[in-house]
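Participant: There's a structure below that I have some questions on.
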Amino acid sequence: MEGTATTGESGTRSWVNMTFDREMSTAEVESMKRSLGARSAVQVPPEVDAAYCRAREIRFVKSSCPEVGALMSVLAAAAPADGRILELGTGVGVGLAWIVHGLSSRTDVEVVSVEIDPQKSGLAAGAPWPDWVNLVVGDAKELLPSLGCYDLVFLDVPGGLKASLLNGAITALRPGGHLLMDDMNPYWGTGSTLSCGDDPGPERLLEDSRVTCALLQYATGMILASRLPNC
Ligand SMILES: C[S@@+](CC[C@H](N)C(=O)[O-])C[C@H]1O[C@@H](n2cnc3c(N)ncnc32)[C@H](O)[C@@H]1O
């Protein structure tokens, strides 16, 4: 069995991310947790695992990690009736697969995912998505203003672009809607933020009066925002 591992520390607790090249049974995961003294493990559903396989096929390393994906699943599951979910940056469909997993047997929610790279979008399109999933090939910067309003937006394009799409992503949120950005670790504590004049980073989301935010300082670092009503 092959695997990769990354490690880290937070206070007195340590974390280890391990990724295996095959699906692990619940019994195996539980046994491994016991032997390592681990308290939790994120398990990857089969449709998500298929997406990670697509990523490996083209050596694409920017897919969402399981911790972020699992949160997306939970947020997707909480979408209101007849809700809409938007992902900016499909990659090969890992985040999308987590969203679809969260929606389970629901058919009332529309999911739109935008990717600029036709190769990656084409690879994602080969998966058996439900018919309420709409994969769009194009530049999120150009398309966002015409994509309508959403209950959940996953803003997952590369860093600089994330910052420039932020205003449009907040504008696209319905009241009470959620916006999730991952890969925020590089920004924590750099002091780069609001003092950067013309080029503030995506963490300026924290300062936006239209939303209330939580910093989620685990996995790749996330900001989760909720759009306030009447603004
Ligand atoms: C971090 S990856 C996305 C990972 C994916 N959301 C997931 O959960 O696995 C960022 C993606 O944004 C795409 N991208 C870059 N610029 C873009 C743009 N202007 N419009 C849409 N997608 C873009 C990249 O090609 C890349 O696939």
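Participant: Could you please let me know if Ser164 is within 21 Å of Pro202 (Cβ to Cβ), open to solvent by 10 Å² or more (accessible area, probe 1.4 Å) and within 12 Å of the ligand (Cβ to nearest atom)?
Facilitator: Judged against the criteria, Ser164 is a match.
Participant: Among the residues that make up segment 105-120, is at least one of them of a type in the set (A, V, I, L, M, F, W, C), in a helix (DSSP H, G or I) and either open to solvent by less than 60 Å² (accessible area, probe 1.4 Å) or out of contact with any Pro (no Cβ under 7 Å at 6 or more places or on another chain) (or both)?
Facilitator: No, because not a single residue in segment 105-120 is of a type in the set (A, V, I, L, M, F, W, C), in a helix (DSSP H, G or I) and either open to solvent by less than 60 Å² (accessible area, probe 1.4 Å) or out of contact with any Pro (no Cβ under 7 Å at 6 or more places or on another chain) (or both).
Participant: Pairs under 8 Å by beta carbon, first residue outside the structural domain of Gly83 (by TED's automatic domain parsing) in segment 109-131, partner acidic (Asp, Glu) and modelled with pLDDT of 95 or more, six or more apart or different chains?
Facilitator: Taking only residues 6 or more apart or on different chains, not a single pair turns up.
Participant: Quick check on my filter: what residues within segment 11-60 are in contact with a strand residue (DSSP E or B) (Cβ under 6 Å, 6 or more places away or on another chain) and open to solvent by less than 80 Å² (accessible area, probe 1.4 Å)?
Facilitator: Asn17, Thr19, Phe20
Participant: While we're here: Assuming Arg22 fulfils every condition listed in (1) more than 16 Å from the ligand (Cβ to nearest atom); (2) modelled with pLDDT of 80 or more; (3) of a type in the set (D, E, K, R) apart from one, which condition is it?
Facilitator: (2)
Participant: Residue under question is Gly91, and the condition is that it be in contact (Cβ under 8 Å) with a residue 60 or more places away in the chain, outside any loop (DSSP other than H, G, I, E, B) and not charged (D, E, K, R); does it hold?
Facilitator: Spelling it out, it is not the case that Gly91 is in contact (Cβ under 8 Å) with a residue 60 or more places away in the chain, outside any loop (DSSP other than H, G, I, E, B) and not charged (D, E, K, R).
Participant: Evaluate the following for Gly177: is it modelled with pLDDT of 95 or more and away from the ligand (no atom under 12 Å from the Cβ)?
Facilitator: Criteria met by Gly177.
Participant: Under 9 Å between Cβ atoms, at least 6 apart or on separate chains: pull out the pairs that start in segment 139-166 with a residue that is in contact (Cβ under 8 Å) with a residue 12 or more places away in the chain and end on any residue that is aromatic (Phe, Trp, Tyr).
Facilitator: Pairs that qualify, where the first residue is in contact (Cβ under 8 Å) with a residue 12 or more places away in the chain and the partner is aromatic (Phe, Trp, Tyr), are Gly159/Tyr187.
The values are calculated or read from the model by the stated rules, or taken from the named source; none is laboratory data. Keep in mind it's a predicted model, so treat the numbers as computed, not measured. In this analysis, Cβ positions are derived from the backbone assuming ideal geometry, glycine residues included, and neighbour counts consider all displayed protein chains. Accessible surface areas use protein heavy atoms only, side chains included; no ligands, DNA or RNA. Shrake-Rupley method; radii C 1.70, N 1.55, O 1.52, S 1.80 Å.
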